[in-house]
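Asker: Dropping the structure in here first, questions after.
Only the coordinates and a few stated rules stand behind these numbers; no lab work does. Note that the structure is predicted; figures quoted are calculated from it, not measured. All Cβ positions, even for glycine, are placed from backbone atoms using ideal geometry, and neighbour counts span all protein chains on display.
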Amino acid sequence: MKIYWILIFAGFFLFKSQPSLAQSTVQDLPNGIYRLCSNSPNGTEKAGYCLSFRKTGNKIVGGYSNPAQGDRGICVSGQVSGNTIIGQALEMYESGLVPRPIRIKSPYSGDKFVNWDEFGFLSVRQQQAINIKRSGGYLTGYRYPSATLKLGNFYRYPQPRYTPPSSCQP
């Protein structure tokens, strides 16, 4: 009976929390589809910011958002080095039957990196406004030719909530 309890007790600690990526890197993951989030999957907090992505070699393409903050999300693509993705990002919105006038948000348009999220995981610069005609309406958004996403303290979740994009093209 004592051995049985010891095994359960040891198993509880073994599986209680999944390590952050500090013990391995995104670069080391085999090709596949993954979900990484800023909060532990075993905590009582919500997932926080998440990246659902596909990895092929050192190339990453994925959707980055905080589900608790609604629809605001951004597609990130680039090369991974360790736990950092360096590349570009695309933020799109449905704008309806006519193109919506859009303004460049001044802190994002310069050559200096600025935080896209409040924690500074994703930094962007060189913002460009875009309108794209599609059947049934227009897409409006922002392209960031230069973006950096730091995932070093993120946790690996079992499955993405959605299939990640295969590209960040509008």
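Asker: What residues of segment 146-170 lie in the reach of a label at GLN126, counting those whose backbone N is under 19 Å from a point 7 Å from the Cα along Cα→Cβ?
Answerer: Those under the cut-off are 146-150, 168-170.
Asker: Another question, if that's okay. At R0 = 30 Å, how high is the FRET efficiency between SER106 and ARG134 if r is their beta carbon distance? Nearest 0.05 is fine.
Answerer: Numbers: r = 28 Å, r/R0 = 0.93.
Approximately 0.60, to the nearest 0.05.
Asker: Additional query: Which whole-Hz couplings ³J(HN,Hα) result when phi for each residue of segment 54-59 is put into the Karplus expression 6.51 cos²θ - 1.76 cosθ + 1.60, θ = phi - 60°, listed in order with x for Gly and Pro?
Answerer: The phi angles translate into 10, 10, 10, x, 9, 8 Hz.
Asker: If you don't mind, another one. By average Cβ neighbour count within 10 Å, what is the ranking of 111-122, 59-70 from highest down?
Answerer: Values: 111-122: 15.5, 59-70: 17.8.
Highest to lowest by the protection proxy: 59-70, 111-122.
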